[in-house]
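Please read the structure below before turning to the comments.
Read-outs: derived from the displayed coordinates by stated rules, not from any lab. None of the values given here were measured: they were computed from a predicted structure. Because the Cβ atoms are built from the backbone with ideal geometry, glycine has one as well, and the counts that use them run over all protein chains shown.
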Amino acid sequence: MSTANKTLEGAVKTNDGVQLSGVILQNIVEQCNGCDRVRTFEEQEFCASYPTPAKKWSQGRCNFATHIKAEASVKVKVNPLKASKRAAKGR
């Protein structure tokens, strides 16, 4: 399935929901709006990467979300001795 195609090709509507390749897909949740992985099938929207989007969002942010930028909160420890040597060399 190409990312340019916004429909779920080969999906079948069943009593349990929409089935694609043997997996039952559930509708997206509100937090999924704006994500590039959202696909449409019979005027309903589903995630192309994960069958139960509500579970992905239950623990915080979905790691598949393309519309939310990751926060860079990693601090790098700098050895002061090495830093002073680099400064002295002109790096």
The helix 80-89 Cα axis meets the longest alpha-carbon principal axis of the chain at an angle in degrees, between 0 and 90 and rounded to 10, of 70 degrees
If each K or R counts +1 and each D or E counts -1, the residues other than Val76 whose Cβ falls under 15 Å of its Cβ total +4
With 0.36 nm assigned to each residue of separation and the Cα-Cα distance removed, Asn63 to Asn27 gains 11.2 nm
Cross-link reach from Lys69 to aspartates and glutamates, straight Cα distance under 14 Å and at least 8 residues apart if same chain, gives Asp36
Exposure proxy check on Leu81, Leu20: fewest-to-most Cβ neighbours within 10 Å is Leu81, Leu20
Partner lysines whose C-alpha sits under 29 Å from that of Lys75, ignoring same-chain residues fewer than 8 away, are Lys56, Lys85, Lys89
About its Cα centre, region 12-89 carries a charge dipole, from +1 on Lys and Arg Cβ atoms and -1 on Asp and Glu Cβ atoms, whose size in debye to the nearest 20 is 1200 debye
Among (i) 15, 35, 19, 8, 11, 9, 3, 0; (ii) 13, 15, 14, 13, 11, 9, 8, 7, 5, 4, 2, 0; (iii) 17, 57, 24, 2, the entry matching P(r) over Cα pairs in 10 Å bins from 0, in percent as calculated here is (i)
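Within region 37-71, which trypsin sites (Lys or Arg not before Pro) sit in a loop by DSSP and count at most 13 neighbouring Cβ atoms inside 10 Å?
On the way: sites: Arg37, Arg39, Lys55, Lys56, Arg61, Lys69; in loops: Arg37, Arg61, Lys69.
Here the sparse-neighbourhood loop sites are Arg61, Lys69.
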With -39,500 (n - 2.57) per DSSP H segment of 4 or more residues and division by the full residue count of the chain, the 222 nm estimate, nearest 500 deg cm²/dmol, is -4500 deg cm²/dmol
Surrounding charge for Ala54, neighbours by C-beta under 14 angstrom, Lys/Arg +1, Asp/Glu -1, total +1
